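Worksheet for the structure shown next.
FYI, it's all coordinate maths here, none of it is from the lab. What you see is a predicted model, and the numbers here were worked out from it, not measured in a lab. With ideal geometry, Cβ positions are generated from the backbone for all residues, glycine too; neighbour counts draw on all protein chains shown.
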Amino acid sequence: MIKQGVEHFLHYKGPILYDTIGQLISDLKERMFEARIKQAVYKKVLMVMIEALENVFKYHEYFEKDKVLRKNFPPEITIDKDKSCFRITCSNPVLKKDSNELKKRLDYINSLDRAGVKEEYKNIITNGQFSEKGGAGLGLIEMAKISDSILGYKLDPINDKFEYYSLNLIINYG
Amino acid sequence: MKRLILSATDYTPAIDLNPANLSMHFTGVSRPENVGLFYQQVIDWVEEIPYELKELGSSTLKIVFKLDYCNSATQKYILIILEKIVEIKDQGLDLVVEWYYDQGDDKMLEDGEDISDAIGLAFNFYPFES
C-alpha cells in the first residue's frame, strides 16, 4: 500500500545489466526534470542510485544463473518521493557467506559521524585496493557521504546459500 | 609523446591529453564499465611525461576536470592519476588542477574537495552555469 503523499518516483525490478543502469539514469533525469527538482538534490539521488546499482551489477552473475532466484528474488530499486525527502531502496540477493562481512561494514559506517565518514572515505580512496570485481570499496561510504540518514538495511533468508539484501536511505530536499 | 583524444560516450568522459600545451582535460560523465581498462590509457600517457619533460612546450601541467558526475571507482582513478603526477612534480613539473562544477551541484564540488583533501593537493574550484 502506498502511503498518502508518497509518490513512486522510479521503480525497476529485474536483471541489472550495464545498459539497464544507463536506461535508469535517463529515466531518473527525465523524471527529475519534469518534477523541477533542484540540481543539488537530483545529483545526490542519481549518485546513490548509480552506486547501489553498480554494486548489484558487479555481483549479478552469482544469482543470474539461478532460475528460482531470478524469478522470485530479482534485484529491485524503488525511489519514492514524499513531502520532504526521497527514499531510495535497492534490493538484491547476496551470498550468505558474504553477508556477515557486509553487515559488519554497514554497522561500522553507521557508527561514524559526518567527520568520521569523511575520514573513512579518505582512508579508502587513498589506501584501498580494487577488488577482483573492479570495485574500489567506496560505494557504501560514498552513499553514506550523500545520505541524510544512516544506511538502513535488511538481510532476509532465501535459502542455505543466499539472503535478500535491502539497502535504504533518505535524501532530503526543499 | 602523442596527443590522446577520446570522444565522450554515455558512460565515459571526453578526454584530451595534449603534450603541445601540457594539458589534460576530462569533460562529461564517468562510469566506465571497466574503469581500470579505461583509465589505464591516461596512466600510460602520464608515465611518459618524465621521459619527455625537457622536450615539452611547458613545464606546467594543467589538469582540467569538468565532470557532470563520476562514480566512486572513477574518483579512485582520479586519485591514482594525480598521485602519479605528483611523483613527477619533484622532477621539475609544476601542476595546476582546475575543478569545474555546475554552480547548483554541491555534490560535484564536494567530490573535488574530498579528492583534493585526500591527496593533499590544492585544486582551483570554478562554478559554471549550465
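Data table
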read-out: Shielding by partners - mean other protein chain Cβ count within 10 Å, residues of B:69-81; value: 6
read-out: Quotient of C-alpha Rg and 2.2 N^0.38 Å, computed over chain B; value: 1.00
read-out: Cross-link pairs A:Lys67/A:Lys104; B:Lys62/B:Lys107; A:Lys58/A:Lys161; B:Lys2/B:Lys62; B:Lys2/B:Lys84 - those with Cα-Cα distance over 20 Å; value: A:Lys67/A:Lys104; B:Lys62/B:Lys107
read-out: Zone of A:Lys65's modelled label, taken as backbone nitrogen in the range B:27-41 under 20 Å from a point 7 Å along Cα→Cβ; value: none
read-out: FRET efficiency for B:Lys54 and B:Val86, using Cβ-Cβ distance with R0 set to 35 Å, rounded to 0.05; value: 0.95
read-out: Fully extended contour minus Cα-Cα distance, from B:Gln41 to B:Glu113, at 0.36 nm per residue; value: 23.4 nm
read-out: Within a Gaussian network of chain A (alpha carbon springs, distance under 10 Å), most fluctuating of A:Glu51, A:Glu61, A:Glu120; value: A:Glu61
read-out: Chain A: most fluctuating residue of A:Glu30, A:Glu163, A:Glu142 per GNM, C-alpha cutoff 10 Å; value: A:Glu30
read-out: Shielding by partners - mean other protein chain Cβ count within 10 Å, residues of B:117-130; value: 1
read-out: Computed E for B:Ala122/A:Lys103 - FRET, C-beta separation, R0 41 angstrom, nearest 0.05; value: 0.60
read-out: Computed helical MRE - 222 nm, chain A, DSSP H runs ≥ 4 contributing -39500 (n - 2.57), nearest 500; value: -15000 deg cm²/dmol
read-out: Label-to-label distance, nm, for residues given as B:Leu95 and A:Asn110 (7 Å Cα→Cβ offset); value: 3.9 nm
read-out: Among A:Gly128, B:Val46, B:Val96 the positive-end extreme of the charge dipole of the protein assembly as shown (Cβ point charges); value: A:Gly128
read-out: Shielding by partners - mean other protein chain Cβ count within 10 Å, residues of A:137-146; value: 3
